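One structure below.
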Amino acid sequence: QICNQHNAEAPNAEQAFHRMAQTEPNLDHDVSWFLLPSYWAKMVVALMSFLCFANSYDGDFVFDDSEAIINNKDLRAETPLGDLWHHDFWGSKLSSNTSHKSYRPLTVLTFRINYLFAGGFYPVGFHVINIILHCTISVLMVDVFSILLGGLQFSNKGRRLNLAPKTSLLAALLFAVHPVHTECVAGIVGRADLLCALFFLLSFLGYCKAFRENKEGHNFSIFWVLVSVILGAIAMLCKEQGITILGLNAVFDALVINKLNVLELIQKLLHKDKSLENAVLLRKGLLFRITLLMSGGASILYIRWRIMGTGPPAFTEVDNPASFADSLFVRAINYNYYYSLNAWLLLCPWWLCFDWSMGCIPLIKSVSDWRIIALAALWFCLIGLICQALCSEDSHKRRILTLGLGFLIIPFLPASNLFFRVGFVIAERVIYLPSIGYCILFTYGFSLLSKQAKKKKILAVAVLGILLINVMRCALRSSQWRSEEQLFRSALSVCPLNAKVHYNVGKNLADKGNQSAAIKYYREAVRLNPKYVHAMNNLGNILKERNELQEAEELLSLAVQIQPDFAAAWMNLGIVQNSLRRFEEAEQSYWTAIKHRKKYPDCYYNLGRLYADLNRHVDALNAWRNATVLKPEHSLAWNNMIILLDNTGNLAQAEAVGREALELIPNDHSLMFSLANVLGKSQKYKESEALFLKAIKANPNAASYHGNLAVLYHRWGNLDLAKKHYEVSLKLDPMAPGTKENYNLLRRKLEQLQKKGS
């Protein structure tokens, strides 16, 4: 029920408690909201957070999940665990020039555990863990908000007191059901943000435990301060933002534990007041604790720097166009515009998109651009809040506003482009932690409005309505994250100028075989971004398959001109040139692709096909052998080697290659078929028959399998079985080449035998 009662759990004047701050106005006093016991409050928050994202549990692997999970070799059992500590989030070596330097080994370790327990890439287990993590974090937020909004106090038994049960519940609910969190929860790669947030909060709560009076009567526990630093390090090993908790712990210590007045402190510093050090810093060990936090943070960053190396992350202009602008003014003004858009997503999380790059947000290049208003609004609000946080005579207001701004801004700093270039324009996942600050400020604003409002229940109903709208928005958005088709199409209305959105819609359609629709979206992606080489490459591939070779060649040639080291485009250009019978150019394109990507088995395979067409059999066999060395499971390369050796009469060598291939890929029916043909020609009928039957069992609808087995029986003299398999082959494919003629020959032979027998 909605009520206006005071906190039932708050201590009265006769209770003994260890006071870490002076008594302040109770934030819950004028708030009309639900008053629940701590256990029930946490249950409600857990239930609401579960309801928001429960429908994402059986979603697919979408968007970045493919690179971070499916294509990440660090998840496989055969990869040594030690490699996780030398690779980035995507499985690339940190020393590589192409590495994004996103060092999150503990997150990758949880993916690996998921993979091992599931026995493969089954997304349900991955999604369930994400949902559980968000529910756990939301429950922890009840305790965190009770400290941030109500202060830190303990009973004489050492139990922390919740002095703001109503407002902490409201803030935790706001956090639990915020739609901007959908990407973190419904997108599996959001696990990094969830794990980081979990250890971030545990570090904060651990730091708070340091001030529970211990048996020796000391004011704080060094043990818990060190535990907090260790948990901060773990948070950073999940995602880079985790390190910011050490700075927030220092801010909390200064404002809540030591009740510093920041403005007064600045004034004393300016006037060089000698009483400052003894009166503020050394009292209660603040300087010592901050030294521990700073030393721990510096050590963590140094170790991370040594592991990662000194090279900057490798990003391109399309990832973050503002960071590549020549003008400092253009960079600064666009960064600030991005900040305003992040703030808007917290205030009104209705327009959400999986990717905000590639023209989604055009650059501001002049002060005449109307979007400057957004920057002005952002800084007007921030400056107003900062002035109140510094200058207000109400210490309670100063503390809450400063903590709210601290939790809003400090965790966002690694994504701000201020210290280093980031690989995105806007990323909803990086707002997961800053939303804590937003929830503090929203809840404090609600308490101020409640204090002034005459009809408090109407205000409470309005906030309840916001929560319910957010729940519905979360459910809708998480359903969009269930499949790539829904996710990509949902972005078309939000970011119609984003070339990557059109590219991904096109790729999804192409994967489903709808080439005509895919071409439309690929063309739009190239129109929006004329330098989008990946869209050109994919469009060129489709046109090649549709035999529109001239346009395919033009697109692929343009792609390699724009990006000369684009190995895949060079290979595809070679395939097109081969189809146009320009063999020398094709060969040159293939070798250029291999030059830029040393380990490129598919390119060696296509090079082998070119050499086979030119009757350069030795070169073809060498190329296919290179393909199988680089990729032992490359079935097509093995098959082509067997077939070429068979066709050139090298049956013994063909048999040896076939047996070698089947040892590596024992269940490949096409290899069984090719080797069975070789064995039949070598008159090893029994072994050939066994392989043919095994291949047919694996692929019973292959007409050629039945037809060639019939030929084997025909040669072998098993005419009835030959007749049976000829008939099956013709039933599956009446136009099967040679089968009808062989069948007619067999029928005439059987008729002759019948005549002789009669």
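Quick look at the numbers
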| quantity | calculated |
| --- | --- |
| Members of segment 56-82 found to be assigned to a loop (DSSP other than H, G, I, E, B) and more than 18 Å from Asn508 (Cβ to Cβ), listed by number | Tyr57, Asp58, Asn72, Arg76, Ala77, Glu78, Thr79, Pro80 |
| Single residue of Val227, Val180 found to be surrounded by fewer than 21 Cβ atoms within 10 Å (Cβ to Cβ) and modelled with pLDDT of 90 or more | Val227 |
| Answer residue from segment 291-324, given it is without any contact (Cβ under 8 Å) to a residue 40 or more places away in the chain and not in a helix (DSSP H, G or I) and is least open to solvent (accessible area, probe 1.4 Å) among those | Thr316 |
| Subset of segment 507-555 [among the small types (Gly, Ala, Ser) and in contact (Cβ under 8 Å) with a residue 24 or more places away in the chain] | Ala510, Ala518, Ala525, Ala535, Gly540, Ala552 |
| Residue among Gly285, Gly232, Gly247 that is modelled with pLDDT under 80 and either assigned to a helix (DSSP H, G or I) or crowded, with 21+ Cβ neighbours inside 10 Å (or both) | Gly285 |
| Meets criteria (open to solvent by 30 Å² or more (accessible area, probe 1.4 Å) and in contact (Cβ under 8 Å) with a residue 60 or more places away in the chain) for Arg429 | yes |
| Within segment 325-413, helices (runs of 4 or more DSSP H) holding 1 or more residues that are over 30 Å from Ala525 (Cβ atoms) and in contact with a His (Cβ under 7 Å, 6 or more places away or on another chain) | none |
| Matching option when the condition is surrounded by fewer than 19 Cβ atoms within 10 Å (Cβ to Cβ), over 18 Å from Leu173 (Cα atoms) and touching a Ser or Thr at 6+ places or on another chain (Cβ under 7 Å), among Leu413, Leu448 | Leu413 |
| Where Leu51 falls short, out of the listed (1) touching a helix residue (DSSP H, G or I) at 6+ places or on another chain (Cβ under 8 Å); (2) crowded, with 19+ Cβ neighbours inside 10 Å; (3) not acidic (Asp, Glu) | (2) |
| Output for segment 653-673, where each listed residue is among the small types (Gly, Ala, Ser), more than 17 Å from Ala698 (Cβ to Cβ) and in contact (Cβ under 8 Å) with a residue 24 or more places away in the chain | Ala654 |
| Condition met for Ala656 (open to solvent by less than 10 Å² (accessible area, probe 1.4 Å) and assigned to a helix (DSSP H, G or I)) | no |
| Selection count where residues are more than 22 Å from Ser674 (Cβ to Cβ) and small (Gly, Ala, Ser), scope segment 707-758 | 3 |
| Hits in segment 165-178 (condition: in a loop (DSSP other than H, G, I, E, B) and under 15 Å from Leu140 (Cα atoms)) | Val177 |
| Near pairs, Cβ below 6 angstrom, 6+ apart or cross-chain, from segment 433-446 (closer than 19 Å to Lys166 by Cβ) to any residue that is among the small types (Gly, Ala, Ser) | Cys439/Ala171; Ile440/Gly404; Leu441/Gly404; Thr443/Ala171 |
| Matching residues, segment 374-410, being farther than 29 Å from Leu301 by Cβ, of a type in the set (Val, Ile, Thr) and open to solvent by less than 60 Å² (accessible area, probe 1.4 Å) | Ile400 |
| Residue in segment 29-52 that is under 19 Å from the mean Cα position of the chain (by Cα) and either farther than 30 Å from Arg398 by Cα or assigned to a loop (DSSP other than H, G, I, E, B) (or both) present | no |
| Residue match in segment 114-124 (condition: under 14 Å from the mean Cα position of the chain (by Cα), open to solvent by 10 Å² or more (accessible area, probe 1.4 Å) and more than 27 Å from Leu47 (Cβ to Cβ)) | no |
| Residues located in segment 563-613, provided they are among the polar types (S, T, N, Q) and open to solvent by less than 60 Å² (accessible area, probe 1.4 Å) | Asn572, Gln577, Asn578, Ser589, Thr592, Asn606 |
| Test: residue in segment 498-505 that is assigned to a helix (DSSP H, G or I), touching a His at 6+ places or on another chain (Cβ under 7 Å) and surrounded by fewer than 21 Cβ atoms within 10 Å (Cβ to Cβ) | no |
| Residue under evaluation Ser96, criteria (1) part of a loop (DSSP other than H, G, I, E, B); (2) more than 15 Å from Pro313 (Cβ to Cβ); (3) of a type in the set (Gly, Ala, Ser), criterion not met | (2) |
| Enumeration of residues in segment 86-113 that are out of contact with any helix residue (DSSP H, G or I) (no Cβ under 9 Å at 6 or more places or on another chain) and crowded, with 18+ Cβ neighbours inside 10 Å | Ser92 |
| Neighbours by Cβ (under 8 Å, 6+ apart or cross-chain): first from segment 367-393, over 17 Å from Leu263 (Cα atoms); second open to solvent by 50 Å² or more (accessible area, probe 1.4 Å) | Ala374/Trp344 |
| Residues that are of a type in the set (A, V, I, L, M, F, W, C) and either under 21 Å from Lys239 (Cβ atoms) or assigned to a helix (DSSP H, G or I) (or both), drawn from segment 99-125 | Leu106, Val108, Leu109, Phe111, Ile113, Leu116, Phe117, Ala118, Val124 |
| Gln683 over 26 Å from Gln588 (Cα atoms), part of a helix (DSSP H, G or I) and open to solvent by 60 Å² or more (accessible area, probe 1.4 Å) | no |
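For every residue, the table says whether it meets (1) of a type in the set (A, V, I, L, M, F, W, C); (2) closer than 30 Å to Ala690 by Cα.
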position: Glu587; (1), (2): no, no
position: Lys595; (1), (2): no, no
position: Lys599; (1), (2): no, no
position: Trp624; (1), (2): yes, yes
position: Thr648; (1), (2): no, yes
position: Gln653; (1), (2): no, yes
position: Ala656; (1), (2): yes, yes
position: Leu662; (1), (2): yes, yes
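The values are calculated or read from the model by the stated rules, or taken from the named source; none is laboratory data. Keep in mind that what you see is a predicted model, and the values were worked out from it rather than measured. We place every Cβ from the backbone using ideal geometry, glycine too, and count neighbours over all the protein chains shown. The area values use the complete protein model at the heavy-atom level, side chains included, leaving out ligands, DNA and RNA. Shrake-Rupley method; radii C 1.70, N 1.55, O 1.52, S 1.80 Å.
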